[in-house]
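See structure below.
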Amino acid sequence: MNNKRLKMMFLVVVAVFMFACGITPSPAVIPVEQLGTAIVQTAAVLASQTALYAPPTEPGWNNTTTPIVLPTSTSTATDTATPFIVTVATRTPTITNTITSTGTRTPTKTPNQPCNIAAVVPAQNAQFGPGAFFDTVWTIINTGSVTWVVGNVDFVYQNGTKMHLNGDILDLPSTTAPNQTLALVVHMKAPTSLGTYSETWSLKEGNTTYCTISMVIDVK
């Protein structure tokens, strides 16, 4: 039973080999006792045929078939989204205060702005003949902290017998700073009637009156 199976297997192998080589098989009868030797020979022939038809071996080539494994793309980096912040500067509007000039403001003096009378000529109760001409000179000192500015401060008649020959409002002869001395001169004429007469003057700035001074004469 075993010999028959071996014989059949051998015949099949030979038929396949001959068919692959284009050889038309011819019937062959192999004795049973030679079956083992025939199998060995057939295997040797198959090995030589395989070597004959195998791809040529070239130097430097590795003829061992190695399966190609495609790399698997594995993302190892952790995508950390960093927020991109755009800072827009807030522009603060600049407000410029516009000052509208309404004119030159004249400093206002307080009533009785301090001053001292250094001298008065003529002396108080000086005697003059009827209709005599004379000058009254007041020498005063600015004892305050405000400068008397020419053009802003006037020397003004206030009351009494009008003996002065000038107008009722006179300009200061010069600007007078604190602690400076100022001479105020008024041209006068004595009345024609006998008696005692006086005049009162003062400095005035705007509506403010200060440093009031007076003089007294006798007509004989």
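A simple spin-label model places pseudo-atoms 7 Å from Cα toward Cβ; at Lys189 and Asp168 they are separated by 1.9 nm. Charged side chains reduced to their Cβ positions (Lys and Arg at +1, Asp and Glu at -1) give the range 115-219 a dipole of some 80 debye around its Cα centre. With the simple model of a label 7 Å out from the Cα in the direction of the Cβ, Phe134 to Asp218 spans 1.1 nm. Ranked by the mean number of other Cβ atoms within 10 Å of their residues, highest first, the peptides 209-216, 189-196, 157-164 fall in the order 209-216, 157-164, 189-196. Which shape class applies to the range 115-219: rounded if a/c is under 1.5, otherwise prolate when a/b exceeds b/c and oblate if not, where a ≥ b ≥ c are the square roots of the Cα gyration tensor eigenvalues? Because a/c hits 1.5 or more and a/b exceeds b/c, the range 115-219 counts as prolate.
Name the residues of the range 199-220 whose amide N is less than 13 Å from a point 7 angstrom out from the Cα of Thr143 along the C-beta direction? 211-212, by backbone N distance to the label point.
Laboratory data are not the source of any read-out in this text; all were calculated from the coordinates shown. Since the structure is predicted, the reported quantities are computational estimates derived from the model, not experimental observations. Note: ideal-geometry Cβ built from the backbone for every residue, glycine included; neighbour counts use all protein chains shown.
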